[in-house]
Each structure stands twice: as C-alpha cells, then as structure tokens.
Amino acid sequence: MQPLQCTECGARVLVQKNSWEHTSVQWDDTARAHCREIGTTGDGRPGTPRKECAALTASITRAVEAGAVPVRDPGPVPTPVVVH
Ligand SMILES: [Zn+2]
C-alpha cells in the first residue's frame, strides 16, 4: 500500500490498487478526522457511517491514470493475437 492524499479534503490514506476494479483503501483516525465525507452518516440514520469519499475516489483515479499508483494486476490486457 502507498500513501495518497485526497486533493479535496486532505485526508491521507493508504491505497493499494489490486486491479482496475478493486481498490483497497486504509483509513486511520487522522484521515477520518480530515475527511468531510467519511464518518458522516450517509442517509441520516445513526450507526451507518459512510465508507467512501467521492473526492478521494476521484483522487485515486487521477493518481492511477498518472501512474502514481501502480495497478498490481492490470489485466485483462487486450493484446491482439498475431498469427505468423
Ligand atoms: Zn474525503
């Protein structure tokens, strides 16, 4: 995992991109305290804290596209089959 800072709320989390579809994000208390979305109740009911931050998700996507966060298993890669 590697540290990544949310460009919106400044929360520092650890990110591991297992594949294009699967991202692991590890929050600590400091990051949760920074984030505007994590920790707030998503639908107004107590006991259902939000587990995602849209700004952070966007930050991760940008970091991956920029190559700052490597994708461990980037497959399936559409490699053309060439028959000689
Ligand atoms: Zn956030």
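Residues to consider are Gly67, Gly75, Gly47; find the one that is modelled with pLDDT of 75 or more, on the phi > 0 side of the Ramachandran plot and in a loop (DSSP other than H, G, I, E, B). Break it down stepwise before answering.
Values: Gly75 fails: on the phi > 0 side of the Ramachandran plot; Gly47 fails: modelled with pLDDT of 75 or more.
When all the criteria are applied, what remains is Gly67.
Could you look through segment 1-19, keep only residues that are in a loop (DSSP other than H, G, I, E, B) and under 11 Å from Ile60 (Cα atoms), and pick out the one that is farthest from the ligand (Cβ to nearest atom)?
Going residue by residue through segment 1-19, those that are in a loop (DSSP other than H, G, I, E, B) are 1, 6-11.
If we keep only those that are under 11 Å from Ile60 (Cα atoms) too, we end up with 6-7.
Details: Cys6: 5, Thr7: 9 Å.
Among residues in segment 1-19 that are in a loop (DSSP other than H, G, I, E, B) and under 11 Å from Ile60 (Cα atoms), the one farthest from the ligand (Cβ to nearest atom) is Thr7.
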Flagged pairs (Cβ under 7 angstrom, 6 or more apart or on separate chains; first in segment 19-36, aromatic (Phe, Trp, Tyr); second at pLDDT 90 or above and not in a helix (DSSP H, G or I)) are Trp20/Val71; Trp27/Val13
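The values are calculated or read from the model by the stated rules, or taken from the named source; none is laboratory data. No experiment lies behind these values; they were computed from the predicted model shown. Neighbour counts run over all protein chains shown; Cβ positions are idealised from the backbone, glycine included.
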